[in-house]
Amino acid sequence: MTITAQGIRLIRLDDYGQLLGESEVAELRAIAAPLRGRTVEMVNSTAVGGGVAEILNRLVPVLEELGLAVRWDVITGGNDFFEITKAFHNALHGGDYKMPPESFDVFLAYNEQNRARLQLDAEFIVIHDPQPSALIEARREGSGHWIWRCHIDLSHPHPAVWSFLEPYVLRYDGALFSSPEFSRQLSIPQYLFYPCIDPLSEKNRDLEPEYVGSVLEHFAIDPKRPLLTQISRFDRLKDPLGVLRAYQIVKRYFDCQLVLAGGGAADDPEGGVVLEEVRQAAQGDPDVHILDLPPWSALEINALQQASTIIIQKSLREGFGLTVTEALWKKKPTVASAVGGIPTQVIHKHTGLLCHSVEGCAYQIRFLLSNPAIAERLGEQGHQHVREHFLITSNARRYLTLFLHLLDFRRI
Ligand code: UDP
């Protein structure tokens, strides 16, 4: 790893080799060899913030280092466009759609504007999520391969929004979904592309024990007693009150502590309300640490995760659940609800324990606290599971394999 004069850590492919084994990187180089010099264009709607930007920030340099010529373009639009695409997002997740009928024309006008601005002439064009999906209009006979990468759960979309978007989606060569449960019946090929984490990022890299100790001290957490942690936005669907009730049950049997750490409460009115409810419910228990963290807290979150005895994710609904991926990567015994993408990650009694209620959550935590050897084994197996399926290197491998497959497909 190179550290620049400004103190920025530059991550190189070889750094992944050191961490994951040289063969992992050698394999990536071998798969990428026939693709050297091929052009790729990734298009999404934001350069920072959110999981998609976070993945592209790492994926693009990795593919470039492997010899592909990658462009990353971000579409632009006014507030009216992003209000509409936010409404699309909620509607595609099964919510209501209350925007006026002209919203579809506004959406298309902004896509048209971006179509005129962007090159869209690469051999592989990967369009992320619904916002830029109508860019497919730029497709010409015999031009590159067009892929639609859907990061959201499309299993129960609002019919009006989906029937508007579907004709565009069906013009792509394939669609990538994060989980089989998130996909739909489509007449184009669909591929499973798990989300991923970067093991070398601030959120996930190994930390010095002294730093972890200093974070615990900063938050007045006792390093000697068991620590249960849930990292999540203060959102009802993450069920922080349920976590607190599970902790209160466990506390009758074990002298443990609870961390509920999350951010977003300051700029989300509902987050503020939920945070206040949790504070009330904790009734001043000095062993409950409710931490409202600013957005630049990756290292602190990493330290809290590394310091935890057990990590909980008691969501009532969930997307993929990257906090679970992060916990498993850190070899933490994990107790999580069987919702969304969590069961793909937490294979019950193999990589962690699943639960379906407050009582079930408390029961599984007590089981793990009473059986540290089993807890350790689950943590190890969880780490292996993430290593095989949910790292940035696996994600890059999937893209490379898909590109090879598409080239081959055309030759036949
Ligand atoms: N996260 C964070 N700060 C917080 C709460 C969460 O950085 O205060 C991170 C967390 O570590 C994870 C992501 O945000 O990387 C949350 O992703 P997940 O899929 O678990 O849930 P979402 O918030 O997208 O529903």
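Some notes on this structure:
- Between Leu404 and Leu108, residue separation times 0.36 nm minus the direct Cα-Cα distance comes to 103.4 nm.
- Between 0 and 90°, nearest 10: helix 22-32 axis offset from the chain longest Cα axis: 20
- Difference of contour (0.36 nm per residue) and Cα-Cα distance, Phe254 to Thr39: 71.7 nm
- For region 138-165 versus region 59-132, the gap between their alpha-carbon centres in whole angstrom: 10
- Only one residue of Gly7, His218, Ala375 has its Cα farthest out toward the positive end of the dipole of the chain, where Lys and Arg carry +1 and Asp and Glu -1 on Cβ, and that residue is Ala375.
- Among the cysteines of the chain, Cys150, Cys196, Cys256 have no other cysteine beta carbon within less than 4.7 Å of their own.
- Inter-label distance, nm, simple model (7 Å from Cα along the C-beta direction), Glu83/Ile8: 3.6
- Nearest-0.05 FRET efficiency for Ala373 and His348, computed from C-beta distance (R0 25 Å): 0.90
- Share antiparallel - DSSP beta bridges, the chain, percent rounded to 5: 5
- For Ile342, the shell of other residues with beta-carbons less than 15 Å away shows a net charge of 0, using +1 for Lys and Arg and -1 for Asp and Glu.
- 3J(HN,Hα) couplings calculated from phi for region 74-90 with the Karplus curve 6.51 cos²θ - 1.76 cosθ + 1.60 (θ = phi - 60°) are, in sequence order, 10, 6, 10, x, x, 4, 4, 5, 6, 5, 5, 5, 5, 5, 4, 3, 5 Hz; Gly and Pro show x.
- Direction-averaged projected area, Cα convex hull, the chain: 21.2 nm², rounded to one decimal.
- 5 angstrom amide H check on Leu291, placed H, neighbours 5+ away: Leu260, Ala261, Gly262
- Fraction of accessible area attributable to carbon and sulfur, region 51-177 (%, probe 1.4 Å): 50
- Taking every protein chain into account, the 1.4 Å probe leaves Ile188 with about 20 Å² of accessible area, to the nearest ten.
- Whole-angstrom gap from region 2-44 to region 295-358, using each part's C-alpha centre: 27
- Shape category assigned to region 236-372 from the gyration tensor of Cα positions, a/c cut at 1.5: rounded
- If you bin all the Cα-Cα distances of region 1-104 at 10 Å, starting from zero, the percentages per bin are 12, 29, 28, 17, 12, 1.
- Electrostatic bookkeeping for Gly78 treats Lys and Arg as +1 and Asp and Glu as -1; over the other residues with beta carbon under 15 Å from its beta carbon, the sum is -3.
- Spin-label model distance (nm) - Asp222 vs Leu186, 7 Å beyond Cα toward Cβ: 5.3
The values are calculated or read from the model by the stated rules, or taken from the named source; none is laboratory data. The structure displayed is predicted, hence computed values, not measured ones. Here Cβ is always computed from backbone atoms with ideal geometry, including for glycine, and neighbour counts include all displayed protein chains. Heads up: the accessible areas ignore ligands, DNA and RNA and are worked out on the full protein's heavy atoms, side chains in. Shrake-Rupley method; radii C 1.70, N 1.55, O 1.52, S 1.80 Å.
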